[in-house]
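Structure, as structure tokens:
The values are calculated or read from the model by the stated rules, or taken from the named source; none is laboratory data. None of these values were measured; they are calculated from a predicted model. Glycine also receives a Cβ, built like all others from the backbone with ideal geometry; neighbour counts cover every protein chain displayed.
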Amino acid sequence: MQISTKPGLRHCIAGLLLAFGAGAAGAAQPVARMLMTEGVVTAQSPSEPVRVVGKASVLQEGDLLTTGERSFGVIEFGDGARLTLRPNTTFAIGHYNLTDLHEEQNIVLQLFKGGLRAITGAIGKRDPGSVRIVTPTSTIGIRGTSFDARLCQGDCQGEKFKTGGQPPALPRDVLARVQTVWGAGVITGRDSTQRPLAEGVALYSGDQVQTQPKSATTLVFMDQTRVTLNAQTRFEISSYHYAGAEQAFKNTERDDALFRLWSGGMRLATGLIGKLHPESYKVRVSTSTIGIRGTGFDLHCTGTCADTNPDAVPSSAAAADDACGSSRAIEPPAAGAGLFASTWDGVITLHTGLCATTLSKGNAAFINPATGQTTPLTHAPAFMDEGLAQRPDALQPDYSNLFGSVPLQSAGYGLYTYVREGGLHIAQPGGAAVDLSPGQAGFAQDQGGGVSRLGEVPDFILNDPYPLPDAFDERAQSVIDLVRENLVGSYTGAPGRCSIR
């Protein structure tokens, strides 16, 4: 959706609000209230006159809110979401359904001009894909998030605030991103916090990805490793470090990858770490460790395999000749009997206790989790190739878009975004999109000119003196004084003294 910000702005907004509010003007639903206003903040419902709003004022679906040059306001929605609207901002509540928070939602907010600071409410945390903020340059998708958004027309970069703003979010090393999701799932971090499985979400060391029944996902790592997870699969990034392709031959001792398949089925295509340093690339499953050499392979671990503690590896040092398993191929046992492995590219080595079995391209094997014995199979069982996820070597990800960034100096007019918690998905109608993680900033060019991740966060966002919506105290005069002090240096004329609280 493209919305003009030229002189016809109010006419354009009025038409858009009528489109969203047509037929509902007489029965508009209260969805939010003002927690605080400083200066003059107004609201206008479709086909209704403009009204001045202050603390505790009720806001409805379809309301168009405007903050004056020296004004700001803090809004709280019925599901706990909060927004701080900055000065010179025009914002609309297009659709916000609070009738049943457990049903699927389609929340649409619109930022026409100015900027906001936001935290997600219960709806956005439960169903991130249901919340969108539409701007003239792009659409912001919310992923259980705390973030800033600023529409800049050459005015933001000149801001000179006297405050250091709020402490910036600490960026974490993004190791991988979710490329595709069929169905649903959850990601559990090392600190036990959970976030929904969604396209573009960043993955970090220690994360566990769990897919639900009739679901699947594809993961793409920085070194071009690609992993697909079938339904009811639990996969962990135990450790991973990749110094970058351009440094692969300078800092090779630090590159390593250790994954763990707790249960379910996965398919893996090795990336640059596995090709350059196969000795540092491993997958732990049940009682076995899989080593690789430039490889593509499938693993399936359910039933007794999934119930085995991966750290309790049985010893295979018994004197019996078949302690490591028979060399005679057998028909595949039923799913759930143990660990199944098949190789479709390169070679893998199955390490169980003191035994090591090599599995070359086109071959499959079965490992009994109780004995640790490895037995070749006449063919890979059909259930290993079942599921929604395609073989990962068929994926063609755009790695520069998934993990790259551009210099801040190259950004100009357009939408600037910054993530403090969670994530954002910024998309334009032409298909350009980028995903942002905590501590990252993004830029969407005007006129649909593209979306990119910035190499650094703009100062006008980091030093923003306007309060975060979840961290302000309306009783603290310092908040008001701080804003007024900065207004003296940012605008001409005396700071406004009109306050509706």
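Residues in the stretch 21-64 that are within 18 Å of residue 467 (Cα to Cα), crowded, with 21+ Cβ neighbours inside 10 Å and at pLDDT 95 or above: 34, 41.
Flag: residue 111 matches the condition of being in contact with a Pro (Cβ under 9 Å, 6 or more places away or on another chain) and either at pLDDT 95 or above or in a loop (DSSP other than H, G, I, E, B) (or both). Here residue 133 fulfils each of the conditions (1) assigned by TED's automatic domain parsing to the domain that holds residue 38; (2) surrounded by fewer than 21 Cβ atoms within 10 Å (Cβ to Cβ); (3) out of contact with any helix residue (DSSP H, G or I) (no Cβ under 8 Å at 6 or more places or on another chain) apart from (2).
Where strands (runs of 3 or more DSSP E) fall wholly inside the stretch 165-204, the ranges with 1 or more residues that are of a type in the set (Val, Ile, Thr) are 176-182, 185-188. Of all residues in the stretch 280-310, exactly one satisfies the criterion of being surrounded by fewer than 23 Cβ atoms within 10 Å (Cβ to Cβ), polar (S, T, N, Q) and assigned to a strand (DSSP E or B), namely 289.
Conditions first: (1) over 21 Å from residue 296 (Cβ atoms); (2) modelled with pLDDT of 95 or more; (3) crowded, with 23+ Cβ neighbours inside 10 Å. Residue 201 passes all but one, so which condition is the exception? Going through (1) over 21 Å from residue 296 (Cβ atoms); (2) modelled with pLDDT of 95 or more; (3) crowded, with 23+ Cβ neighbours inside 10 Å one by one, residue 201 breaks only (2). Annotation: of all residues in the stretch 133-148 being part of a strand (DSSP E or B) and in contact with a Gly (Cβ under 6 Å, 6 or more places away or on another chain), the one that is nearest to residue 415 (Cα to Cα) is 142. Just name the residue that is nearest to residue 86 (Cα to Cα) out of those in the stretch 133-173 that are more than 16 Å from the chain's Cα centre (by Cα), small (Gly, Ala, Ser) and modelled with pLDDT of 85 or more. Checking each candidate, the answer is 149.
Go through the stretch 24-39 and give me each residue that's touching a residue at least 12 places away in the same chain (Cβ under 8 Å) and farther than 15 Å from residue 110 by Cβ.
Within the stretch 24-39, 24, 25, 28, 29, 30, 33, 34, 35, 36, 37, 38, 39 meet the criteria.
Give, as residue ranges, the strands (runs of 3 or more DSSP E) completely inside the stretch 344-447 that count at least 1 residues that are out of contact with any Phe, Trp or Tyr (no Cβ under 7 Å at 6 or more places or on another chain), touching a residue at least 24 places away in the same chain (Cβ under 8 Å) and farther than 25 Å from residue 119 by Cα. Steps first, please.
Working: elements: 355-360, 364-367, 374-377, 414-427, 433-436, 441-445.
So the answer is 355-360, 364-367, 374-377.
Of the residues making up the stretch 40-77, those that are touching a helix residue (DSSP H, G or I) at 6+ places or on another chain (Cβ under 9 Å) and in contact (Cβ under 8 Å) with a residue 40 or more places away in the chain number 7. Examine the stretch 140-154 for a residue that is touching a Ser or Thr at 6+ places or on another chain (Cβ under 6 Å) and surrounded by fewer than 19 Cβ atoms within 10 Å (Cβ to Cβ), and state whether such a residue exists. Checking the stretch 140-154: not a single residue is touching a Ser or Thr at 6+ places or on another chain (Cβ under 6 Å) and surrounded by fewer than 19 Cβ atoms within 10 Å (Cβ to Cβ).
Taken together, the residues in the stretch 425-462 that are aliphatic (A, V, I, L, M) and touching a Lys or Arg at 6+ places or on another chain (Cβ under 7 Å) amount to 3.
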